[in-house]
Each structure stands twice: as structure tokens, then as C-alpha cells.
Amino acid sequence: MAIYVYFDGYRQSDLNLKAAYAIADMISRETDAVNDTYIDSMEKVLRLMTRTDTEVKLMVTVVRWNETDKRYYVDWSKARGFSQVRTNADMVTLANRLPVMPNGERVILIETEATYVPPFDVGIQTLALDNFVFTRPRFAPQVAWSDS
């Protein structure tokens with residue numbers, strides 16, 4: 001049973017990571033502005049790809065680098081399940097996790113979280129499986145936000 005639980009935990013972690021990369025890839029290909037409906041659909045994709053009964057969380061943030069200020073700024077951030085979205089203040093603490101970019105460059109930051117509950121008690125506690133992935137917009141200089 002222990003081998004099954006260890007394998008299942010790694011499987012769930014891998015599914016979560018693949019879902020985060022898939023969502024990042026989908027958003028990076030957008031040439032039109034995204035909106036709340038789009039983010040809701042990405043949360044559904046996350047839930048479908050992770051195949052979990054536990055709560056899943058998704059945060060999408062577009063981050064840009066300003067060479068003059070030597071810091072990252074948030075263009076926009078939307079969350080599903082997380083209590084808060086990312087702010088410019090958060091970028092100071094996340095700076096060491098973000099890529100080196102030229103002035104004005106943007107990346108799409110995807111953060112996901114799901115809870116893994118082991119099916120059997122073999123000494124593994126319930127785990128929060130979180131992911132932090134980023135990618136560049138592919139076909140446009142940025143992914144814009146629309147309130148409509």
C-alpha cells in the first residue's frame with residue numbers, strides 16, 4: 001500500500017504540473033484580450049486535467065520588467081480559489097523566482113495549488129501541491145485583460 005500511495009502522490013504532482021504548463025501555453029497563444037469567463041474556463045481545465053476531488057486554485061498574472069526601476073510590475077492578476085491576487089508589492093519577494101527579461105518584456109505567471117490526500121495511512125500527510133510556472137506571450141507582445 002505504501003508503494004501505491006507514493007506512486008499516486010507523484011502521479012498527482014505530475015498531473016498538477018502538466019496542467020499548469022498547459023494553461024500557461026493556452027494563455028500564451030491568445031491574441032485577443034482575456035476576461036473572467038476565460039479565467040473561469042482555465043480553472044475548469046485545471047480541474048479536468050488534475051482529476052481531483054479536492055479544491056484546486058489558479059492564479060494568472062501578467063508580469064513585466066522595467067529596466068529603469070530594476071523591478072517587476074503586475075499588468076493584471078486574476079485568481080480562482082486563492083484569497084488574493086498578486087500585486088506590485090508581491091513582485092519584490094518573487095523577483096528571485098522570475099526570469100531575467102529585457103526592458104518592457106512580459107511573462108505570464110501561472111500558479112496552481114491542489115491538495116493531495118493519501119488514500120491510505122502510510123505515514124504521508126496531506127500535501128499542498130503547488131506550481132509556479134511562467135511563459136512568454138507567443139503571438140502578441142502581451143496578453144491583455146478585458147472586463148467585458
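Can you tell me how many residues within segment 17-57 are within 16 Å of R136 (Cβ to Cβ) and acidic (D, E)? Summing the residues that are within 16 Å of R136 (Cβ to Cβ) and acidic (D, E) in segment 17-57 gives 2.
State whether the residues of segment 88-108 include one that is more than 25 Å from L127 (Cα to Cα), over 15 Å from the mean Cα position of the chain (by Cα) and among the hydroxyl-bearing types (S, T, Y). No.
Scanning segment 40-51 for residues that are of a type in the set (K, R) and surrounded by 15 or more Cβ atoms within 10 Å (Cβ to Cβ) turns up just one, R47.
When each of R138, R64 is tested for being over 23 Å from L46 (Cβ atoms) and in contact (Cβ under 8 Å) with a residue 60 or more places away in the chain, the lone residue that passes is R64.
Only residues that are at positive phi and either free of Cβ contacts under 8 Å to residues at least 24 places away in the same chain or of a type in the set (F, W, Y) (or both): list them for segment 69-124, please. Matches in segment 69-124: K70 only. Per the listing Q12, Q84, the residue uniquely touching a strand residue (DSSP E or B) at 6+ places or on another chain (Cβ under 8 Å) and under 16 Å from D130 (Cα atoms) is Q12. Taken over segment 17-39, the residue count meeting the criterion of being within 13 Å of the chain's Cα centre (by Cα) and either surrounded by fewer than 18 Cβ atoms within 10 Å (Cβ to Cβ) or over 28 Å from D147 (Cα atoms) (or both) is 6.
Summed over segment 130-143, the residues that are out of contact with any Lys or Arg (no Cβ under 8 Å at 6 or more places or on another chain) and either surrounded by 16 or more Cβ atoms within 10 Å (Cβ to Cβ) or not small (G, A, S) (or both) give a count of 5.
How many residues are crowded, with 17+ Cβ neighbours inside 10 Å and over 25 Å from L94 (Cβ atoms) when one looks only at segment 106-129? Total meeting the criteria: 1.
Throughout, read-outs are computed from the coordinates displayed, never taken from laboratory work. Please read all numbers here as calculations on a predicted model, not as lab measurements. Positions of Cβ are generated from backbone atoms using ideal geometry, with glycine treated the same way; all protein chains shown enter the neighbour counts.
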